[in-house]
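The values are calculated or read from the model by the stated rules, or taken from the named source; none is laboratory data. What you are looking at is a predicted structure, and each value in this text was computed from that prediction instead of being measured. Note: ideal-geometry Cβ built from the backbone for every residue, glycine included; neighbour counts use all protein chains shown.
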Amino acid sequence: MTMQLQILSLILLLTLTSSPLFAALEVPLRPLLMQDKQSLYQRVLAKPEARFHATPESEAGEKAIPFTAFYVYAQREVNGEGWQQVGHNRHGQLAGWIRETDLIPWNQGLTIAFREPLGNDRVLLFRDKEGLKSLVDTYDLEHYKQVYADAESGKLTAESPVIAIQPKNHVDILKDFYLVPIRSHEDVYLGNEQARILQVSSVPLQTASKQPTKRKQAKPDNPAATPTKRFRSGVVFVIDATLSMDPYIDRTREAVRKVYETITKEALTGDVSFGLIAFRDSPESVPELEYLTRTYVTLEQGQNADSFFRQVSSLKAATASSKGFIEDSFAGINEAIDNIDWEGQDARYVVLITDAGPRDASDPLSGTGLNAESLARLARNKGIALSVLHLLTPSQYANHEGAAERYKALSYYPGIGSFYFGVKTGDVNRFGRVMDSLAHQITDQVKVTAIAAAGKAIQNQPKPAPKEQEEEPDQLAQFQAKVAKLGYALRMRYLQQDQVEQIPSVFNAWLVDRDFKNPQRQTLDVRVLLTRDQLSDLHSIMRQVLETAEEGLLSPRSFLNDLKSLAATISRDPEQLGSTTRVSGALEGNLADMGFMREYIEDLPYTGEVMNLSLENWQDWPARDQLAFIHRMEEKINYYQVLHDHTDLWVSLDGSSVSGDSVFPIALEMLP
C-alpha cells in the first residue's frame, strides 16, 4: 500500500510539474539588485539612439523611446562589448537586449538642469573626479581661470582635466529637452560654502546631426545673421479693480496710450502687444464684486491702440468693498499665465498692480490654492517674467509688510532678483512715473532688438524715461537696471535662436554644483523626471495621506513615514509609487514598515523637506508649525494638478501628442 501511494504521488508530481498551471506558479523573473541593496533594482535610461535586440549582437529591432527607464535583468559581454537585458517593469515583462553604450545608469531619478549662464561662468565638466577635487580642495582661482579660459576658447586637449563646457547660450530644458542624470556624489567645501561634486552623464534628446546647420556666431547687438522672424513682446497688466482703484486704472491707460504713440511713430505696430486682466475677490464672499477675474484685452486684441482702448473702455473699479485687507491677486496672475495666448511672444511680461495683499494657498477663499513660489515657477516654465507694482496706500498699512514679502517671492527671477516696486503712500504720480518707465523700457527693447536683428550697430541706445527729483532714485534705478538686464538676456536668446547649441554629450563626467568664483551661487537646478501618469498618482496618493491623517486614521509616525516613502520612491523609482504607503494599499506598509527606508535615502545627493523631518522634530513643533507644514503639502498637491493640466509644458519623447507617458522635469523642492 505504501509503495502504491509513493507511485501515485510520483505520477501526480510529474503531472503537475508538466502542466501549464504549475508553470504559472513558477517564481517570476526579477531584475538585478543594486549593489549592497536589498530592495532596489538596477535601472537604466535608453539613449536616443538605443535599439532593442532579440539576443546580443542579433539584428537591430525597434527603436527604444528616448530616456525611457528600464529595469536590468541580465548583463552579458559578447566579443568585448557589453549588453544588458532590460524589462518594462519589475515583474518579468522583458523588452529585449540593448548595447550597454546606449544606456545610462539610472539608479536614482535625479537629474540636473543648467541655469542661465549670462553674466556668469559656465559649468565645466571634468574628465575625472581627481582632477576636479584637486581644484576644489586647493581652491586655486588662478589655475581655475586658466582651465576655464582654455575650455571657453575651445582649446581642450587630451591632457586637459576638462572635457566639455556648458553652452554659452541658455538651453531651455522644456524646449530643447536633455537629461543630465546624477550617478554619484561627494560633499565638499568650495571656499567657505558647502557644495557637491557630482558624477553625471549628459545626453541631449536631439543629436547635432538632426538639427539645422549652425549659423555663424553673432556678436551681441550686431549679429552676423538676421533671425527669421521679428522680435515680439507681450505685456499683460493684471490690475486690481476693487474699490478706490480708479485713479490707478486711469493712469495705467495713460501710460499705455503714450507707448502706443511711440510704437506707431517707430513703425513697431504689432511688435509690442498689451493685454489687460482685472481681478477683484471671491464673489462668493461679496456678491457685489461681480467677478473674481475678467480678461478685458488679449494680446491679439492689444496689437493696436484702437482695439486695446475699445476693449478696456468699460473697466471700472468696484463699488463694493472686498472682505478684509487682502484680495485674490494670485487668481489674476494665474489667469494671465493660463488663459492668455503667449505663442509667438519672444519677451513675455505680466505686471501686477495692486494695493492689497494676496490670498495664500491655505486661504479658504483662494481661487488658485497656490502660493507665490508655485505661481512664480509656473510663470518661469512658460517664459513669463512677473513684476509687481505694490501701492503702499495708508488704508492697507497693516498688511504691507506681509504682502511685500509674498510679492517679492512672486516676482523673483533667477540670476536677476525680484521685480518688486513698492510705491510709497500709493501716490498716483509716483506710480505713473514707474509705469511710464517700465512700459517705455520694454518698448525700447523691441526697438533695439529690431536694429540689432537688421545687422546695424546701435549708436544711441534708448534711455529710461526721466524721473522727477522727488522719486526715490535708488529704488527706481535698481528696478530699471533689472528690467534692462532681463531685456538683454531675452534679446540675446532671440538673436541667437538660429544658432544651434546643445549640451555636450558625455557618458561620464564630473562637475561641482556651485560657481567657482562665486560659491554662493548655485549653477544647477535639481529635478526629478516624472511622467504625467506618475504625477497624477503622486497627487492622488499624497492627498489620501493628508486626508487620512486629518481624519485621525494615521498616527503621526505613520503619517510622516508615508510622506517619506512617497518622497524616497519618487527619487528612486516612481513606478513603485502605489506600493510604498499604507493608504495606497501596500501589502507591507510603507518603506519604514518594510525596513527599507534607510537604503532608499542614504546615498541620495539631494533630498526634499520631508526626508529630513523626524518624529521628534514633529512632536516638538507647536501646533501652528505643524499646520503650516500641512498647508505646504496641500499647496504642492494643488501645484501638481495645475502642472498636470498645463499640457503645453509636457514633453513627449517619441514626438507624439501629449499623453500619460509624456514627461516633465519637476523641481525637487516641489516634491514632498
**OP:** Run down VAL203, VAL136, VAL180, VAL147 and say which single residue is β-branched (Val, Ile, Thr), in the same structural domain as VAL506 (by TED's automatic domain parsing), surrounded by 19 or more Cβ atoms within 10 Å (Cβ to Cβ) and free of Cβ contacts under 8 Å to residues at least 24 places away in the same chain.
**Re:** VAL147
**OP:** Mind counting the residues in segment 304-330 that are within 30 Å of the chain's Cα centre (by Cα) and more than 18 Å from ASP246 (Cβ to Cβ)?
**Re:** 3
Original post:
How many residues does segment 60-86 hold that are crowded, with 21+ Cβ neighbours inside 10 Å and among the small types (Gly, Ala, Ser)?
Top reply: 1
Original post:
What helices (runs of 4 or more DSSP H), lying completely within segment 530-630, carry at least 3 residues that are in contact (Cβ under 8 Å) with a residue 12 or more places away in the chain and closer than 30 Å to ASP513 by Cβ?
Top reply: 532-550, 556-572, 597-601
Original post:
Failed condition for SER184, given (1) closer than 30 Å to VAL651 by Cα; (2) among the small types (Gly, Ala, Ser); (3) not in a strand (DSSP E or B), with all others met?
Top reply: (3)
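Residues of segment 144-181 being among the small types (Gly, Ala, Ser) and in a strand (DSSP E or B), which ones? Break it down stepwise before answering.
Of all residues in segment 144-181, those among the small types (Gly, Ala, Ser) come to 149, 151, 153-154, 158, 160, 164.
Within segment 144-181, just ALA164 meets the criteria.
Go through the residues of segment 124-142 one by one and say whether even a single one is among the hydroxyl-bearing types (Ser, Thr, Tyr) and within 24 Å of ASP36 (Cα to Cα). Write out each step before concluding.
Initially, segment 124-142 is screened for residues among the hydroxyl-bearing types (Ser, Thr, Tyr), giving 134, 138-139.
Adding the requirement that they be within 24 Å of ASP36 (Cα to Cα) leaves none.
Checked segment 124-142: no residue is among the hydroxyl-bearing types (Ser, Thr, Tyr) and within 24 Å of ASP36 (Cα to Cα).
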Original post:
Does ARG491 satisfy the condition of being in a helix (DSSP H, G or I), modelled with pLDDT of 90 or more and of a type in the set (D, E, K, R)?
Top reply: no
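Suppose the filter is surrounded by 10 or more Cβ atoms within 10 Å (Cβ to Cβ), at pLDDT below 90 and out of contact with any Phe, Trp or Tyr (no Cβ under 6 Å at 6 or more places or on another chain); does LEU5 pass it? Before you say what the answer is, go through the steps one by one.
Numbers: surrounded by 10 or more Cβ atoms within 10 Å (Cβ to Cβ): no; at pLDDT below 90: yes; out of contact with any Phe, Trp or Tyr (no Cβ under 6 Å at 6 or more places or on another chain): yes.
Judged against the criteria, LEU5 is not a match.
Conditions (1) outside the structural domain of HIS644 (by TED's automatic domain parsing); (2) farther than 24 Å from ASN638 by Cβ; (3) surrounded by 20 or more Cβ atoms within 10 Å (Cβ to Cβ); (4) in contact with a helix residue (DSSP H, G or I) (Cβ under 7 Å, 6 or more places away or on another chain), marked per residue:
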| position | (1), (2), (3), (4) |
| --- | --- |
| SER536 | no, no, no, yes |
| ALA549 | no, no, yes, yes |
| ASN612 | no, no, no, no |
| ASP620 | no, yes, no, no |
Original post:
Among the residues of segment 37-52, is any at pLDDT below 90, of a type in the set (Ser, Thr, Tyr) and out of contact with any strand residue (DSSP E or B) (no Cβ under 9 Å at 6 or more places or on another chain)?
Top reply: no
**OP:** Spot the failing condition for ALA484; the list is (1) under 25 Å from PRO167 (Cβ atoms); (2) at pLDDT below 80; (3) surrounded by fewer than 19 Cβ atoms within 10 Å (Cβ to Cβ), and only one is missed.
**Re:** (2)
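Do you know which residues across segment 296-314 are aromatic (Phe, Trp, Tyr) and part of a helix (DSSP H, G or I)? Talk me through it step by step, then tell me what you get.
Pass one, segment 296-314, residues aromatic (Phe, Trp, Tyr): 296, 308-309.
Of everything in segment 296-314, those that are aromatic (Phe, Trp, Tyr) and part of a helix (DSSP H, G or I) turn out to be PHE308, PHE309.
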**OP:** Sort through SER374, SER366, SER418 and tell me the only one that's surrounded by fewer than 22 Cβ atoms within 10 Å (Cβ to Cβ) and under 23 Å from PHE629 (Cβ atoms).
**Re:** SER366
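Just one of TYR291, TYR296 is surrounded by fewer than 17 Cβ atoms within 10 Å (Cβ to Cβ) and either among the aromatic types (Phe, Trp, Tyr) or at pLDDT 95 or above (or both); which is it?
On the way: TYR296 fails: surrounded by fewer than 17 Cβ atoms within 10 Å (Cβ to Cβ).
Only one candidate passes the filter, namely TYR291.
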Subject >> Near pairs, Cβ below 8 angstrom, 6+ apart or cross-chain, from segment 502-522 (free of Cβ contacts under 8 Å to residues at least 40 places away in the same chain) to any residue that is not in a loop (DSSP other than H, G, I, E, B) >> reply: none
Original post:
Only one of (1) at pLDDT 50 or above; (2) not in a strand (DSSP E or B) is not met by VAL238, so which one is it?
Top reply: (2)
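Is it fair to say PRO519 is in a loop (DSSP other than H, G, I, E, B) and in contact with a His (Cβ under 7 Å, 6 or more places away or on another chain)?
On the way: in a loop (DSSP other than H, G, I, E, B): yes; in contact with a His (Cβ under 7 Å, 6 or more places away or on another chain): no.
Criteria not met by PRO519.
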Original post:
Which of (1) surrounded by 23 or more Cβ atoms within 10 Å (Cβ to Cβ); (2) under 11 Å from VAL236 (Cα atoms); (3) not small (Gly, Ala, Ser) does TRP342 not meet, given it meets every other one?
Top reply: (1)
**OP:** Identify the single condition in (1) crowded, with 18+ Cβ neighbours inside 10 Å; (2) farther than 20 Å from ARG90 by Cα that ALA586 does not satisfy, given that it satisfies every other one.
**Re:** (2)
Subject >> Filter result for ALA317 (part of a loop (DSSP other than H, G, I, E, B), among the hydrophobic types (A, V, I, L, M, F, W, C), buried (at least 16 other Cβ atoms within 10 Å of the Cβ) and touching a helix residue (DSSP H, G or I) at 6+ places or on another chain (Cβ under 6 Å)) >> reply: yes
Subject >> The lone exception for GLU284 - which of (1) of a type in the set (D, E, K, R); (2) outside any loop (DSSP other than H, G, I, E, B); (3) farther than 30 Å from ARG230 by Cα it fails >> reply: (2)
Original post:
Would you pick out the residues in segment 279-319 that are of a type in the set (A, V, I, L, M) and closer than 19 Å to GLY357 by Cβ?
Top reply: VAL286, LEU289, LEU292, ALA317, ALA318
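Can you list the strands (runs of 3 or more DSSP E) found entirely within segment 56-142 that contain at least 1 residues being closer than 28 Å to TYR606 by Cβ?
Numbers: elements: 60-63, 69-78, 81-87, 94-99, 103-105, 110-114, 124-126.
Because the criterion is at least 1 residues that are closer than 28 Å to TYR606 by Cβ, the strands (runs of 3 or more DSSP E) in segment 56-142 that meet it are 69-78, 81-87, 103-105, 110-114, 124-126.
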